[in-house]
1. Take the residues in region 10-55 that are assigned to a loop (DSSP other than H, G, I, E, B), over 24 Å from Asn131 (Cα atoms) and open to solvent by 20 Å² or more (accessible area, probe 1.4 Å); name whichever of them is farthest from the ligand (Cβ to nearest atom).
2. Could you check Ser105 against (1) assigned to a helix (DSSP H, G or I); (2) assigned by TED's automatic domain parsing to the domain that holds Val66; (3) free of Cβ contacts under 8 Å to residues at least 60 places away in the same chain and say which number it fails?
3. Between Arg134, Arg145, which is part of a loop (DSSP other than H, G, I, E, B), at pLDDT 95 or above and among the basic types (Lys, Arg)?
4. Looking at (1) within 27 Å of Leu157 (Cα to Cα); (2) more than 16 Å from the ligand (Cβ to nearest atom); (3) outside any loop (DSSP other than H, G, I, E, B), which is the one condition that is false for Thr2?
5. One residue is enough: does region 155-164 have a residue meeting the conditions assigned to a loop (DSSP other than H, G, I, E, B), farther than 19 Å from Cys45 by Cα and more than 16 Å from the chain's Cα centre (by Cα)?
6. Quickly run through region 169-187 and pick out the residues that are surrounded by 11 or more Cβ atoms within 10 Å (Cβ to Cβ) and free of Cβ contacts under 8 Å to residues at least 24 places away in the same chain.
7. Output the number of the condition that His77 fails; it satisfies all remaining conditions of (1) in contact with a strand residue (DSSP E or B) (Cβ under 7 Å, 6 or more places away or on another chain); (2) of a type outside the set (Asp, Glu); (3) in contact (Cβ under 8 Å) with a residue 40 or more places away in the chain; (4) away from the ligand (no atom under 15 Å from the Cβ).
8. Please give the number of the condition Leu69 fails out of (1) within 16 Å of the ligand (Cβ to nearest atom); (2) in contact with a strand residue (DSSP E or B) (Cβ under 7 Å, 6 or more places away or on another chain); (3) under 30 Å from Ile205 (Cβ atoms).
Amino acid sequence: MTIRLGDIAPDFTAETTEGPIRFHEWKGGSWAVLFSHPKDFTPVCTTELGHVAKIKQEFEKRNCKVIGLSVDPLGAHHEWSRDIAETQGKAPNFPMIADADQKVSKLYDMIHPNASDTMTVRSVFVVDGANKVRLTITYPASCGRNFDELLRVIDSLQLTSAYAVATPANWHHGEDVIVAPALSDDEARRKFPRGFKTLKPYLRITPQPNK
Ligand code: BEZ
């Protein structure tokens, strides 16, 4: 199944390292990052899971839960967690889905047969509080993900959901933003009392409104 931005993230039940879950019930009204790992006991995934465990509080600050997935059974996940703790200094402190029957991987189109028949690619889905898919990224198995980028996009998504703005290239929280092109200058003056700079009629810059 192809999942596109704006779709409702498909619900599912799964066994995880923190017990059985139903996805929508588990996430509740929080945001969530669902990310897949090609296989247990693989080097890149080992570094990714240790890294996410160390920065989990950054996701929590953004009211965002994290949940991993790998197409191996629960026993393997638990054994691998011990390796992750040993080599990365921190074991996963979030649920890892044991998707040995590939039910969730197939539901989310995480297996790309021309890349591999058996392993998932490195998929990322960011899902908002209303269960809508807000970001999808697909990395190849050989490239570990940039989790700072995920946090950056979550900041942008949460800001642009609350204010009539968009964020420019390489934007980070606290930097100036773009006034939504749909707003007239009069509307923009009302919404952004600190004013805005007009570089072009379609490119107006204002300080981040909630900073
Ligand atoms: C890894 O996680 O290290 C990995 C997984 C599959 C293929 C290549 C690398």
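1. Keep residues of region 10-55 that are assigned to a loop (DSSP other than H, G, I, E, B), which gives 10-12, 15, 17-20, 28-30, 38-42, 55.
Next, from what is left, pick out any that are over 24 Å from Asn131 (Cα atoms): 38-42.
Checking which are open to solvent by 20 Å² or more (accessible area, probe 1.4 Å) leaves us with 39, 41-42.
Details: Lys39: 6, Phe41: 9, Thr42: 3 Å.
The residue in question is Phe41.
2. For Ser105, the failing item is (3).
3. Values: Arg134 fails: part of a loop (DSSP other than H, G, I, E, B).
Being part of a loop (DSSP other than H, G, I, E, B), at pLDDT 95 or above and among the basic types (Lys, Arg) holds for just one of Arg134, Arg145, which is Arg145.
4. With (1) within 27 Å of Leu157 (Cα to Cα); (2) more than 16 Å from the ligand (Cβ to nearest atom); (3) outside any loop (DSSP other than H, G, I, E, B) applied to Thr2, the lone miss is (3).
5. Filtering region 155-164 down to residues assigned to a loop (DSSP other than H, G, I, E, B) leaves 163-164.
After this cut, where a residue has to be farther than 19 Å from Cys45 by Cα as well, the list is 163-164.
After this cut, where a residue has to be more than 16 Å from the chain's Cα centre (by Cα) as well, the list is 163-164.
The answer is yes, given that some residue of region 155-164 is assigned to a loop (DSSP other than H, G, I, E, B), farther than 19 Å from Cys45 by Cα and more than 16 Å from the chain's Cα centre (by Cα).
6. Matches in region 169-187: Trp171, His172, Ala180, Pro181, Leu183, Asp185, Glu187.
7. The number of the failed condition is (4).
8. Unmet condition: (3).
The values are calculated or read from the model by the stated rules, or taken from the named source; none is laboratory data. Computed from a predicted structure; not experimentally measured. Cβ coordinates were reconstructed from backbone atoms using ideal geometry, including for glycine residues, and neighbour counts include every protein chain displayed. Surface accessibility is based on the protein's heavy atoms, side chains included, excluding ligands, DNA and RNA. Shrake-Rupley method; radii C 1.70, N 1.55, O 1.52, S 1.80 Å.
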